[in-house]
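Heads up, the thing below is written out as structure tokens.
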Amino acid sequence: MNYSYSIEMQMDDQSRAAKGSDPKEVVIAVSPAFGKALSKTIVSVEHSEVLREIISGIEEQGGVTRVIRNFETADLAFIGHLAAKLSGSGIGIGIQSRGTTIIHQRDLDPLSNLELFPQSPLITLETYRDIGRNAALYARGENVDPVPVVNDQMARPRYQAIAAILHLKEAQEIVRGKPAVNVDYSFTISEEETV
Amino acid sequence: MKPSPTAVRRSKRFQVLEDRPVNKDGFVHEWPEQGFVAMSSPNDPSPSIEIQDGRIVELDGKLRKDFDMLDQFIADYTIDVATANEMMNTESVDIARKLVDINVSRSEVLAIVKGLTPAKIVEVLNQLNVVEMMMALQKMRARKKPSNQCHVTNVRDNPVLMAADAAEAALRGFDEQETTVGVVRYAPFNALALLVGSQTVRGGILTQDALEEATELRLAMLGLTTYAETISIYGTESVFKDGDDTPWSKSFLASAYASRGSKMRFTSGTGSEVQMAGAEGKSMLYLEIRCIMMAKGAGVQGLQNGSISCIGIPAAVPSGIRAVLAENLATTMFDLEVASGNDQTFSHSEIRRSAKMLCQMLPGTDFVFSGYSAVPNSDNMFAGSNMDSSDLDDFLIIQRDMMVDGGLRPVEESEVIEVRYQAAKTMQVLFDELGFPAITEEEIDAATYANSSDDMPKRNVMEDLKAAESVLKEGITGLDVALALANRGYHQVAERIFNMLKQRVAGDYLHTSAIIDENNIVRSAVNNENDYTGPGTGYRMSEERWEEIKNIRQAISPSEY
């Protein structure tokens with residue numbers, strides 16, 4: 001007999017997200033469809049598992065997490081930069097539904113970044129945890145060794161058209177002019193017996 | 001319940017086919033409502049033009065009051081109102097025939113195209129099959145001599161390896177070299193590695209560092225790069241605005257490069273608007289034609305296109321690779337330099353990627369690849385090119401098989417080892433002179449014989465990043481680099497770097513399709529204009545060049561037996 005675990009995530013959009021003041025805070029901004037209209041990344045990893053790993057990475061370094069949802073754009077650079085601008089520490093993480101992730105800092109140009117993980121099919125749960133960890137370390141003002149960038153030149157031929165379809169679906173959830181909101185989140189772990 | 005596939009008896013032939021590399025590629029049916037269609041969408045406009053008092057008041061069925069910013073830019077700065085009515089009244093099929101006809105000169109076609117609207121160009125291109133497009137591209141390319149560009153990057157941004165790879169790429173014949181970063185803050189080191197590595201082998205090679213636009217411009221202004229290419233433009237207003245940009249802001253950026261005497265071109269390509277969910281239901285080719293015309297209106301000398309990083313999107317739909325050839329051709333029809341893609345992985349199939357590449361290699365373009373990965377694709381930080389360093393012998397042999405000049409030359413292993421050593425050694429001296437983290441003899445040895453970054457000892461990344469950041473902070477220039485090398489007796493490479501700075505003052509290499517030869521002479525569409533009018537005209541390989549291409553190291557001499 002085996003056991004399998006599944007993580008349920010509840011995400012509830014709250015009131016408008018304001019600028020934080022806690023210097024330990026790292027803001028994670030999710031894209032419009034994340035955990036709502038879409039629930040899995042391009043390689044079918046549940047959004048709940050992705051978010052839980054990033055948060056764990058932040059918190060194991062003593063960081064404080066706040067999750068917000070951006071409605072205005074599906075563009076990762078701007079999602080990440082918004083997170084950084086609203087973050088008490090000035091460090092933010094942006095994530096799209098297909099799994100692409102960025103670590104941003106508020107004083108950088110939007111199209112620049114601290115670390116970018118552009119190839120969503122290659123990001124493992126372990127990498128998501130490392131991304132959270134590094135963001136918390138940047139927030140503490142430390143010199144940080146970047147998470148190694150994984151590169152698979154054959155990800156494009158296999159996934160680019162699918163990525164475009166996921167992005168089109170993401171874009172259908174954009175609400176122009178709607179400010180970002182704080183998101184209450186909770187995880188429920190359920191255990192199932194399997195034969 | 002879905003039937004289990006194992007329950008169904010399978011054809012053994014289908015099982016063989018399923019295991020073929022091509023079946024790892026992604027293919028999708030057309031989705032025209034979202035612009036997931038290559039060359040023609042039911043939502044594409046029909047060609048039309050209306051001119052009042054020398055001003056375009058209607059463009060492709062849209063009145064001026066309804067123009068988006070691209071319509072306005074193209075109407076005001078690209079289309080020649082003096083000839084537009086006449087040219088728009090020419091049948092599209094007749095224009096298509098002139099493109100292919102060897103008896104119609106390049107300049108005659110250029111004069112016609114000036115008066116056409118985006119929808120009309122799309123209609124013309126839809127008349128052509130791929131062989132006709134290649135015929136047209138052979139004639140319409142701006143520079144007579146075709147050339148090639150490469151990528152030089154590595155996963156760890158190792159500057160010693162990067163300089164050695166740049167030196168090898170220079171020896172192999174690439175006239176332009178492009179790098180980018182894994183970690184953004186390494187950018188100044190990567191620019192330095194390409195500059196020093198390429199100039200170690202020959203003067204005149206152009207180098208660039210593809211980055212976020214402000215940093216890319218800064219490095220060019222410092223003289224650490226000698227051209228730029230990653231200035232992206234898009235075919236719809238919404239995608240432009242997503243990038244916080246307009247045709248005017250991109251034009252301003254272009255003039256910033258021009259004001260510093262640095263070559264630059266824009267970048268665009270089919271599929272980018274679909275990828276960014278902003279295609280507005282238009283075909284990929286129609287939107288790309290708008291980009292090409294925007295580039296022309298902005299006054300830049302050239303464009304990198306051929307889908308580029310979005311190649312997986314046109315490649316997934318019918319006639320997509322044809323659309324990519326069509327966009328390269330369209331660029332040349334506006335008298336612009338074309339750096340014609342082939343620079344990104346789009347297929348697992350060796351047959352498919354060769355077939356695609358031949359569309360640009362056989363007719364010849366200003367840069368057949370933009371670029372060819374001079375390093376293994378595992379080290380390619382543009383996410384992989386259509387061909388990489390392990391395909392170099394295939395490419396050289398295709399040049400020889402077809403008697404086609406793809407810009408590369410066969411090289412000896414001993415020469416490669418020598419120039420790689422020289423480049424790594426020069427970097428060691430430069431780092432020492434500038435007070436950067438030391439480059440060890442062990443690193444030089446590894447870089448000399450390396451294939452990839454796996455072969456390199458690790459460097460202290462944080463120390464490197466501090467030094468790299470100091471390049472920007474202290475404003476270390478190309479002149480500082482040349483002086484540092486001259487101080488240590490490296491006069492030849494110092495002089496070559498200094499010569500690249502002199503080119504910036506002379507400005508000749510701002511002309512269309514410019515490259516600089518080993519004698520520091522600019523070769524552009526001005527002094528090397530393509531004059532193809534059929535057999536016996538245009539670019540023909542010299543005897544010397546053919547001897548070079550013929551003599552691959554693998555060939556056996558009959559006298560050996």
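The values are calculated or read from the model by the stated rules, or taken from the named source; none is laboratory data. Just so it is clear, the structure is predicted and the values come from calculations on it, not from any experiment. Here Cβ is always computed from backbone atoms with ideal geometry, including for glycine, and neighbour counts include all displayed protein chains.
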message: Which pairs turn up if I take residues in segment B:383-394 that are over 22 Å from residue A:116 (Cβ atoms) and not assigned by TED's automatic domain parsing to the domain that holds residue B:307 and look for partners that are in a loop (DSSP other than H, G, I, E, B) and among the small types (Gly, Ala, Ser) with beta carbon separation below 7 Å, at least 6 apart in sequence or on another chain?
response: B:389/B:374
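Please go through segment B:324-348 and pick out each residue that is of a type in the set (A, V, I, L, M, F, W, C) and assigned to a helix (DSSP H, G or I). Explain how you work it out, then say what you get.
From segment B:324-348, those of a type in the set (A, V, I, L, M, F, W, C) are B:324-326, B:329-330, B:333-334, B:336, B:338-339, B:346; that's our starting set.
Answer for segment B:324-348, where residues must be of a type in the set (A, V, I, L, M, F, W, C) and assigned to a helix (DSSP H, G or I): B:324, B:325, B:326, B:329, B:330, B:333.
Of the residues B:182, B:235, B:197, only one is assigned to a loop (DSSP other than H, G, I, E, B) and out of contact with any Cys (no Cβ under 7 Å at 6 or more places or on another chain); which?
Step by step, each of B:182, B:235, B:197 is checked, and only B:182 is assigned to a loop (DSSP other than H, G, I, E, B) and out of contact with any Cys (no Cβ under 7 Å at 6 or more places or on another chain).
Just give me the residues in segment B:135-159 being under 27 Å from residue B:389 (Cβ atoms), within 19 Å of the chain's Cα centre (by Cα) and of a type in the set (A, V, I, L, M), in sequence order.
Hits for segment B:135-159 are B:137, B:152.
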message: Quick check on my filter: what residues within segment B:344-381 are under 17 Å from residue A:156 (Cα atoms), of a type in the set (Phe, Trp, Tyr) and more than 9 Å from chain A (Cβ to nearest Cβ)?
response: B:372
- request: Tally the residues that are of a type in the set (A, V, I, L, M, F, W, C) and either closer than 22 Å to residue A:119 by Cβ or at pLDDT below 95 (or both), restricting the search to segment B:354-382.
  value: 5
- request: Taking the options B:537, B:512, name whichever one is assigned by TED's automatic domain parsing to the domain that holds residue B:393, within 27 Å of the chain's Cα centre (by Cα) and not in a helix (DSSP H, G or I).
  value: B:512
- prompt: Are any residues in segment B:463-509 assigned to a loop (DSSP other than H, G, I, E, B) and surrounded by fewer than 21 Cβ atoms within 10 Å (Cβ to Cβ), and if so, which ones?
  reply: B:475, B:476, B:477, B:488, B:489, B:507
message: Going by what's in this entry, would residue B:341 be described as in contact with a helix residue (DSSP H, G or I) (Cβ under 9 Å, 6 or more places away or on another chain), within 14 Å of chain A (Cβ to nearest Cβ) and under 19 Å from residue B:133 (Cα atoms)?
response: yes
- prompt: Can you spot a residue in segment A:182-190 that is charged (D, E, K, R), more than 17 Å from residue A:76 (Cα to Cα), more than 10 Å from chain B (Cβ to nearest Cβ) and not in a loop (DSSP other than H, G, I, E, B)?
  reply: yes
Answer residue from segment B:216-249, given it is closer than 23 Å to residue B:151 by Cα and β-branched (Val, Ile, Thr) and is surrounded by the fewest Cβ atoms within 10 Å (Cβ to Cβ) among those: B:230
field: Looking only at segment A:70-108, and only at residues there that are part of a loop (DSSP other than H, G, I, E, B) and of a type in the set (A, V, I, L, M, F, W, C), the one that is nearest to residue A:167 (Cα to Cα)
entry: A:74
- prompt: When both residues are 6+ apart or on different chains and their Cβ atoms are under 6 Å apart, which pairs have a first residue that lies in segment B:257-272 and is under 16 Å from residue B:331 (Cβ atoms), and a second that is in a loop (DSSP other than H, G, I, E, B) and modelled with pLDDT under 95?
  reply: none
Any hit, segment B:41-56, residues being away from chain A (no Cβ under 13 Å), hydrophobic (A, V, I, L, M, F, W, C) and in a loop (DSSP other than H, G, I, E, B): no
statement: The condition from (1) of a type in the set (Val, Ile, Thr); (2) away from chain A (no Cβ under 12 Å); (3) assigned to a helix (DSSP H, G or I) that residue B:300 misses is numbered (3)
- line: residue B:453 vs (1) among the hydroxyl-bearing types (Ser, Thr, Tyr); (2) more than 14 Å from chain A (Cβ to nearest Cβ); (3) crowded, with 18+ Cβ neighbours inside 10 Å; (4) closer than 26 Å to residue B:211 by Cα: all pass except (2)
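Of the residues B:321, B:351, B:289, which is at pLDDT 95 or above, farther than 29 Å from residue B:397 by Cα and assigned to a helix (DSSP H, G or I)?
On the way: B:321 fails: farther than 29 Å from residue B:397 by Cα; B:351 fails: farther than 29 Å from residue B:397 by Cα.
None of the others qualify; the one that does is B:289.
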message: Give all pairs with beta carbons closer than 7 Å in which a residue from segment B:419-445 that is part of a helix (DSSP H, G or I) meets a residue that is among the basic types (Lys, Arg); count only pairs at least 6 apart in sequence or on separate chains.
response: B:429/B:488; B:433/B:488; B:444/B:425
- prompt: Filter segment B:101-125 for residues that are out of contact with any Pro (no Cβ under 9 Å at 6 or more places or on another chain) and either surrounded by 19 or more Cβ atoms within 10 Å (Cβ to Cβ) or basic (Lys, Arg) (or both); which is nearest to residue B:50 (Cα to Cα)?
  reply: B:115
query: Which of the residues spanning segment A:123-162 are part of a helix (DSSP H, G or I) and facing chain B (nearest Cβ under 10 Å)?
result: A:155, A:156, A:157, A:158, A:159, A:160, A:161, A:162
field: Qualifying residue in segment B:401-411 (condition: charged (D, E, K, R) and surrounded by fewer than 22 Cβ atoms within 10 Å (Cβ to Cβ))
entry: yes
task: Identify all residues within segment A:112-122 that are more than 10 Å from chain B (Cβ to nearest Cβ) and touching a strand residue (DSSP E or B) at 6+ places or on another chain (Cβ under 7 Å); write none if there are none.
output: A:117
- prompt: Looking at residue A:32, is it modelled with pLDDT of 95 or more, assigned to a loop (DSSP other than H, G, I, E, B) and closer than 23 Å to residue A:168 by Cα?
  reply: yes
message: Of everything in segment A:115-126, what is out of contact with any Lys or Arg (no Cβ under 9 Å at 6 or more places or on another chain) and buried (at least 20 other Cβ atoms within 10 Å of the Cβ)? Give them in sequence order.
response: A:115, A:116, A:117, A:123
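Can you name the residue in segment B:397-412 that is in contact (Cβ under 8 Å) with a residue 60 or more places away in the chain and over 13 Å from residue B:174 (Cα atoms) and is also nearest to the chain's Cα centre (by Cα) among such residues?
Looking at residues that are in contact (Cβ under 8 Å) with a residue 60 or more places away in the chain and over 13 Å from residue B:174 (Cα atoms), I get B:399.
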